[in-house]
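A short worksheet on the structure shown next.
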Amino acid sequence: MRLATWNVNSVKARLPRLLEWLELAGPDVLCLQETKVGADGFPTEEVAALGYAVAAHGEGRWNGVALLSRVGLDDVVRGFEGDPGWAGEPAERVREPDDGEEGLFETPRIEARAISATCGGVRVWSVYVPNGRTPESAHYTYKLHWLEALRSRVAGELAGTDRLVVCGDFNVAPTDADVFNPAAFAGSTHVTAPEREALAALLATGLRDVVPAPMKGPNPFTYWDYRAGMFHQDKGMRIDLFYASAAVAEAVKAAYIDREARKGKGPSDHAPVVVDIDL
């Protein structure tokens, strides 16, 4: 079975490339992040024409996750119990979450950042971890709380199955080797000790980090900023991760980063991660 994860940075903007890639790569299950459409706005018909069932969880212009599968899509769960929700940045006034401005929400807003389902006998999660913005931001605290809530839920899932995958855009580089220049990220999110400790805690539930091979060069980067030259100079980060239970990790036959999908006209700023397993 071929599993893949890809932050498409707007499924509508990337639809022609997505359909082309599905035909070329032929994943049995694809986890998408940052779809940026409501669930009813997902291009289900176009994807279904290629043989994929779809489960989407979206909220419009922001966030959004989805699962595409041609090996079954059962027991779909959108979000997860214990999600702390985003309460907003401190501001002068309290507002409703759909106001469109920065500020505190009257109640935390549960964002479309996780979806899970059973596909071909494997429990698969697609996650889009909060960015964190800056270490001083309330969004950073939200990120850490969100990761802890995810860890707790995944631990519960592992108690019921030995075939589990949690993959997606984690917005954290696990080690200094996962960024092109650690000094360039000093004082920034994605590399801080608390974020990396949160990832380590998630792994400690019984997951393993399946590190994909780069198609070119020595670095297993999955994200490159759109700024001119960053991709071509390979100044990237590995933040799109594939975490698997022991049974799945031991069944991995190959794993790679599809850099070709990052090239050309109008690409996402992320490349797909593809993992082949033989269970």
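The values are calculated or read from the model by the stated rules, or taken from the named source; none is laboratory data. Just so it is clear, the structure is predicted and the values come from calculations on it, not from any experiment. Neighbour counts are summed over all protein chains in view; Cβ atoms, including those assigned to glycine, are modelled from backbone coordinates with ideal geometry. These accessible areas exclude ligands, DNA and RNA; they are computed on the full protein's heavy atoms, side chains included. Shrake-Rupley method; radii C 1.70, N 1.55, O 1.52, S 1.80 Å.
One line per residue, one yes/no per condition, for (1) touching a Pro at 6+ places or on another chain (Cβ under 7 Å); (2) hydroxyl-bearing (S, T, Y); (3) at positive phi:
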| site | (1), (2), (3) |
| --- | --- |
| S126 | no, yes, no |
| V129 | no, no, no |
| L144 | yes, no, no |
| G156 | no, no, no |
| F170 | no, no, no |
| V179 | no, no, no |
| F185 | no, no, no |
| L202 | no, no, no |
| M215 | no, no, no |
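The set of residues in segment 240-279 that are surrounded by fewer than 22 Cβ atoms within 10 Å (Cβ to Cβ) and assigned to a loop (DSSP other than H, G, I, E, B) comprises E250, A251, D258, K263, G264, K265, G266, P267, D269, D278, L279. Taking the criterion of being in a helix (DSSP H, G or I) and in contact (Cβ under 8 Å) with a residue 12 or more places away in the chain, the residues of segment 19-39 that qualify are L19, W21, L22, E23, A25, A39. Evaluated against (1) small (G, A, S); (2) farther than 24 Å from E260 by Cβ; (3) open to solvent by 60 Å² or more (accessible area, probe 1.4 Å), A228 falls short on exactly one condition, (2). For segment 116-224, the strands (runs of 3 or more DSSP E) that sit wholly inside it and include 1 or more residues that are under 28 Å from Y52 (Cβ atoms) and either in contact with a Phe, Trp or Tyr (Cβ under 6 Å, 6 or more places away or on another chain) or open to solvent by 50 Å² or more (accessible area, probe 1.4 Å) (or both) are 164-169, 207-209. Counting the residues of segment 28-52 that are open to solvent by 20 Å² or more (accessible area, probe 1.4 Å), modelled with pLDDT of 95 or more and under 19 Å from the mean Cα position of the chain (by Cα) gives 3. Selection of segment 225-239 for residues being more than 16 Å from L147 (Cα to Cα) and either assigned to a loop (DSSP other than H, G, I, E, B) or among the β-branched types (V, I, T) (or both) yields D225, Y226, R227, A228, G229, M230, F231, H232, Q233, D234, K235, R238. Of all residues being open to solvent by 40 Å² or more (accessible area, probe 1.4 Å) and over 15 Å from the mean Cα position of the chain (by Cα) in segment 55-65, which is modelled with the lowest pLDDT? Just the residue, please. Selected residue: R61. Is it the case that some residue within segment 44-51 is without any contact (Cβ under 8 Å) to a residue 40 or more places away in the chain and in contact with a strand residue (DSSP E or B) (Cβ under 6 Å, 6 or more places away or on another chain)? Looking through segment 44-51, at least one residue is without any contact (Cβ under 8 Å) to a residue 40 or more places away in the chain and in contact with a strand residue (DSSP E or B) (Cβ under 6 Å, 6 or more places away or on another chain). Determine which single condition P90 fails, assuming it passes every other condition in (1) under 26 Å from V248 (Cα atoms); (2) more than 17 Å from the chain's Cα centre (by Cα); (3) open to solvent by 40 Å² or more (accessible area, probe 1.4 Å). Unmet for P90, out of (1) under 26 Å from V248 (Cα atoms); (2) more than 17 Å from the chain's Cα centre (by Cα); (3) open to solvent by 40 Å² or more (accessible area, probe 1.4 Å): (1). Within segment 66-86, the presence of a residue that is at pLDDT below 95, within 22 Å of V11 (Cα to Cα) and open to solvent by 70 Å² or more (accessible area, probe 1.4 Å) is excluded.
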